[in-house]
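Notes to accompany the following structure.
The values are calculated or read from the model by the stated rules, or taken from the named source; none is laboratory data. Since this is a predicted model, take the numbers as computed values, not measurements. All Cβ positions, even for glycine, are placed from backbone atoms using ideal geometry, and neighbour counts span all protein chains on display. To get the accessible areas, we keep the full protein, side chains included, count just its heavy atoms, and leave off ligands, DNA and RNA. Shrake-Rupley method; radii C 1.70, N 1.55, O 1.52, S 1.80 Å.
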Amino acid sequence: MPLNRVLSLFALGLNALLFSLCASADAAIEVVATATAPNVILLIGDGMDEQQMTIARNYLHGSRGRLLMDTLPLRSTAQVLTVEDRKDGRPVYVADSANTATSMATGEVTSRGRIATRPGSDESITTIVELASAAGIRTGLVTTASVTDATPAAFAAHINFRLCENPDLMQQVVIQNIPLGACPQFTRNQGGPGSISEQLASSPLHVLLGGGRKHFSPTVEGGSISVLQAARNNGFRFVENVKTLLAARPDRRLLGLFAPTTLPVRLRGEDGRTAESPDTSLLHSVHRYLGEVEQPAVMDCVENPDFADVPTLKQMTDKALELLSNGNSNGFFLMVESASIDKQAHLRNACGALGEVGQLDEALASALAFAQEQPNTLVIVTSDHSHAAQIIPDISLFAAYPIPLYTPGQLARLRTQEGSVMAINYATTNFLREEHTGASIPLLSNGQGEGLIPSYVEQPDVFNITRTYLGL
């Protein structure tokens, strides 16, 4: 075992003793000493707040059922923090995945769109992956998004703008003829680390699994090989389908890219339906108390046929745990993200989002099974921010009044297994995509979190908790 790892474990036990003898009143984190090297599995449901969890619970298990994450013994509330990218540093009350993942990965608060960099200065912030790797601890990232997407990127890359995902996007990111941002100061010819995919290709990660193949196709800046070939040159074995993933041996580092961008989701609305606007009669345009309204038709959630072509989040998690733990006496850090809870909420697709909560629950089952065999494993389930979906009455509480009543937003009415209708409302914006919201999010843990995780945390505390448990 490396000397620095031995010293880290000694410090872990010493800190535990000191905490037990003299715990200060303001200490939010205690250290739990373990007989063998500790592991941390951090599961993130992107955009998963209490509404998303309740929607999934009601649909997948019934109103009196339980998600697996509901059974975890420790439950806290996490406050999401972000600041403006201005000198005055005033707060913004609704975050994005870049700054929230940065908080969890680095313990520092930054502004929206930033990947492990400080606002104003572009200075890089050391991540938990970098700290762990330097101490000889294996690290892995698993996601259903592109591996270059904001959440995984924040744990292993540094850049001022989250959309600079490959070398071709560094000078200007343009979508539908609208310039959104650029990262020229992070290009290699300016002394920077390069695009997100280039940084991941040169990272010390042991396992990197998800989508994003298209971001590894461009040529590395100033070179003649692709980003994917650069990753191979750095020691990654590459796989791109379920068969080769499951067959991958634990003797090498692994890069798995299973789709050009985000992986297909498990469920979708029948006939591709998402939330729809209620239909009002012509008379209603004369006066809001006149006429009639027709609500969107009830729908079922059905299997997405494209989902069969990619590995499940559970399969990727199982393989990551196998590779990280095999022959490893130093412990590991693994981040697992179910990304499309958020992405499907943006699209007002309740079926897509709830299916991805189900995927996270399945990945949690793998994490808890591993922790049962390796009790020195801290399992945390949390989110990065809240989102637009909310459950509203299918029949309004004010329906007795003889006027047309309907949501000003868009509505998905799902037929549940209990024979009822669950109405999911989206009303944050009139744009093509819904917005994030600013509520606190849940943070849950297995028993290893006892004494480490208080009932209320700020999101950067996830980094502090992880670092302390790993003895870094």
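Within the range 280-314, whose backbone N sits under 15 Å from a point 7 Å along Cα→Cβ of residue 406? Backbone N within reach: 280-298.
Please report the relative contact order for the range 311-450, taking Cα pairs under 8 Å with a sequence separation of at least 6, and give it as a percent rounded to a whole number. Normalised by residue count, the contact order of the range 311-450 is 27 percent. Per the 1.4 Å probe, what fraction of the accessible area of the chain, in percent, lies on carbon and sulfur atoms? Of all accessible area on the chain, carbon and sulfur atoms account for 52 percent. Partner aspartates and glutamates whose Cα lies under 14 Å from the Cα of residue 343, excluding those fewer than 8 positions away in the same chain, are identified as 46, 49, 96, 149, 356, 384, 434, 435. Cβ-Cβ distance of residue 251 and residue 189, R₀ of 41 Å, FRET efficiency by 1/(1 + (r/R0)^6): the value works out to about 0.65.
Phi-derived couplings, Karplus 6.51 cos²θ - 1.76 cosθ + 1.60 at θ = phi - 60°, listed residue by residue for the range 447-452: x, 5, x, 5, x, 9 Hz, with x used for Gly and Pro. Span-like helix criteria (full DSSP H runs; alpha carbon extent of at least 24 Å along the helix axis; mean Kyte-Doolittle hydropathy of at least -1.0) are satisfied in the chain by 3-21, 350-373.
For residue 276, the residues 5 or more places off, or on other chains, whose built amide H falls under 5 Å of its own are 411, 412. Between residue 332 and 39, 40, the built amide H atoms are under 5 Å apart, and every one of these is 5 or more places off in sequence or on another chain.
Dipole magnitude for the chain: about 880 debye, using +1 per Lys or Arg Cβ and -1 per Asp or Glu Cβ, origin at the Cα centre.
Using every pair of separate Cα atoms, the Kirkwood estimate puts the hydrodynamic radius of the chain at 23.2 angstrom.
Taking the inverse of the average 1/r across all pairs of different Cα atoms in the range 284-398, what Kirkwood radius in Å do you get? Across the range 284-398, the inverse of the average 1/r is 17.7 Å.
The mean of 1/r over all distinct Cα pairs in the range 138-288, once inverted, gives the Kirkwood hydrodynamic radius of 17.3 Å.
Quick one: compute the contact order of the range 359-423, relative version, from alpha carbon pairs under 8 angstrom and 6+ residues apart, as a percent. Computed value for the range 359-423: 23 percent relative contact order. Coupling constants for the range 217-230 follow from the phi torsions by the Karplus curve (6.51 cos²θ - 1.76 cosθ + 1.60, θ = phi - 60°), and in residue order they are 7, x, 6, 4, 4, x, x, 10, 10, 6, 4, 4, 5, 4 Hz; glycine and proline get x. Check each of the trypsin sites (Lys or Arg not before Pro) in the range 277-381 and keep only those in coil by DSSP with at most 10 other C-beta atoms within 10 angstrom; list them in order. For trypsin sites (Lys or Arg not before Pro) across the range 277-381 that sit outside H, G, I, E and B with at most 10 neighbouring Cβ atoms in 10 Å, the list reads 288. Pair-distance distribution of the range 366-451: all C-alpha pairs, bin width 5 Å, starting at 0; shares per bin in whole percent are 3, 11, 13, 13, 13, 13, 11, 10, 7, 4, 2, 1, 0. Among 159-165, 432-438, 336-342, 178-184, sorting by the average number of other beta carbon atoms lying within 10 angstrom of each residue, highest first, gives 336-342, 159-165, 432-438, 178-184. Restricting the range 102-149 to GluC sites (Glu not before Pro) that sit in a DSSP loop and have at most 14 other Cβ atoms within 10 Å of their own Cβ leaves 123. Here the 3J(HN,Hα) profile of the range 175-184, calculated from phi with Karplus coefficients 6.51, -1.76 and 1.60 at θ = phi - 60°, is 10, 6, 6, 10, x, 10, x, 7, 9, x Hz, Gly and Pro shown as x.
Annotation: amide H of residue 439 within the under-5 Å range of 386, sequence separation 5 or more or interchain, hydrogens built in the peptide plane. Computed over the range 114-161, relative contact order equals 56 percent, with contacts defined as Cα pairs under 8 Å that lie 6+ residues apart.
Taking each DSSP H run with n ≥ 4 as -39500 (n - 2.57) and averaging over every residue of the chain yields -8000 deg cm²/dmol at 222 nm. Dividing the convex hull volume of the alpha carbon atoms of the range 55-201 by its residue count gives 167 Å³ per residue.
Sites listed here are GluC sites (Glu not before Pro) in the range 213-313 whose DSSP assignment is loop and whose Cβ has at most 13 other Cβ atoms within 10 Å: 292. The alpha-carbon of residue 319 sits under 20 angstrom from the alpha-carbons of these lysines, leaving out residues fewer than 8 places away in its chain: 243. The residues of the chain present an accessible area of 42 Å² per residue when probed at 1.4 Å with all protein chains retained.
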